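Undergrad: Handing you this structure, nothing more for now.
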Ligand code: PEP
Ligand code: MN
């Protein structure tokens, strides 16, 4: 951390700042010139909040040198994290993984059809919401545990892995019975109590970016999970809120590159929630592959017009097959392994 003092700074304030840094068990390296007073703070500076430093009247500027999301950063681990789900299925590194399934688990027939469609497309990961975070309390809220049971049953029949969104800490034991990956939704990205609890597990966590979260806030949320001991975190860019209203959200494709530069974790894209429009999903799925995402999550439904949630952004199975054909062609043209 580098601290620059104001011109004509107050010596008493500087003295109090030095005491504060000493109390944090850090040391000072003076790099001042005859014009400006600048010094580096050396030691475990993650324990020092920038706002605590700015509280001293003498301080003009504070610059962090190390990322505040230490264990999530590339500085901490240079190589890509690869997550092993068993049965030869991995996430991250050189593989591009497609996760697909309905927004909500609805009926045994719907899930069976989805499972068969995934199997036919050579996909190994089935998504589906059992506890839905809906804006309106009058909208379909999900089947709860019955939904998780249905997903597990379908996945076992077709040899798939299951991913589903967890709404709260109390449901962790239930999720551990049925799922292979636990999803943290955009609305819960900064539910720090939940993140800490998930940090104690060994199950991989799929962490969606909050709809108004900066990249740094997103990586700080990953840090909560990793700092708890669970290093198996997958990041997912799912579109952010902007001033644009034509699409549901705006896919921040920059964020995929940024997250890959800054972090060693696998980075996914969710073109379904990012756009809310079926016509845009396949082209953005291709963009995600080309830009180097480690995978993506796509919503599909046997009959989108009858879907109980997110029908407008759910591909039917024919559209999904076409998307997969396009992705497969692009993967072989660019030498990427699609899974
Ligand atoms: C979902 O994946 O169904 C979902 C609700 O996503 P998000 O948290 O990105 O809105
Ligand atoms: Mn959805």
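Taken together, the values in this text are just the output of simple stated rules run on the coordinates, not laboratory data. None of these values were measured; they are calculated from a predicted model. For neighbour counting, all protein chains shown are included, and Cβ atoms are generated from backbone atoms with ideal geometry for every residue, glycine included.
Undergrad: Taking the simple approach of a point 7 Å from Cα along Cα-to-Cβ for both residue 78 and residue 34, what is their distance in nm?
TA: Going from the residue 78 label point to the residue 34 one covers 4.2 nm.
Undergrad: Calculated from DSSP H runs of 4 or more alone, at -39500 (n - 2.57) each and per residue, what is the 222 nm mean residue ellipticity of the chain, nearest 500?
TA: -10500 deg cm²/dmol
Undergrad: So how do 134-145, 307-318, 69-80 stack up, highest first, on mean other-Cβ count within 10 Å?
TA: Working: 134-145: 13.4, 307-318: 18.9, 69-80: 16.2.
Averaged packing, sorted descending, gives the order 307-318, 69-80, 134-145.
Undergrad: Could you work out how much longer the chain between residue 254 and residue 174 gets when fully extended? Use 0.36 nm per residue separation minus the Cα distance between them, nm to one decimal. Could you put the intermediate results ahead of the total?
TA: Working: separation 80, 0.36 × 80 = 28.80 nm, distance 3.59 nm.
Here the segment from residue 254 to residue 174 would lengthen by 25.2 nm.
Undergrad: For the Cα atoms of the chain, what angle does the longest principal axis make with the long axis of helix 317-334, in degrees from 0 to 90, nearest 10?
TA: Approximately 50 degrees, to the nearest 10.
Undergrad: While we're on this one: So, in Å, what gap is there between the alpha-carbon centers of the stretch 126-173 and the stretch 79-109?
TA: That distance is 15 Å.
Undergrad: Round to the nearest 10 and give me the degree value, 0 to 90, for the angle of helix 108-121's Cα axis relative to the longest principal axis of the chain.
TA: In the chain, helix 108-121 runs at an angle near 80 degrees to the longest axis.
Undergrad: For labels at residue 332 and residue 57 in the simple 7 Å Cα→Cβ model, what's the distance in nm?
TA: Result: 7.3 nm between the two label points.
Undergrad: When DSSP beta bridges are limited to those with both residues in the chain, what percentage is antiparallel, rounded to the nearest 5? Don't skip to the end; give the middle numbers.
TA: Numbers: 16 of 45 bridges.
Of all bridge pairs located within the chain, approximately 35 percent are antiparallel.
Undergrad: May I pose another question? What is the helix-to-structure angle for 278-291, meaning the angle in degrees between its Cα long axis and the longest Cα principal axis of the chain, kept from 0 to 90 and rounded to the nearest 10?
TA: Tilt relative to the chain: about 50 degrees.
Undergrad: Okay, next question. Please report the base-10 log of the normalised intensity I(q)/I(0) for the chain, using a Debye sum with one equal scatterer per alpha carbon and no solvent, at each q in 0.08, 0.09, 0.10 (1/Å).
TA: Log-scaled intensity ratios, in q order: -0.43, -0.53, -0.63.
Undergrad: Round to a whole angstrom and tell me the spacing of the C-alpha centers of the stretch 280-339 and the stretch 194-220.
TA: Computed from Cα coordinates, the inter-centre distance equals 24 Å.
Undergrad: Work out, step by step, the length gained on full extension between residue 202 and residue 22: first 0.36 nm times the residue separation, then minus their alpha carbon distance; give nm to one decimal.
TA: Gain on extension, residue 202 to residue 22, equals 61.1 nm.
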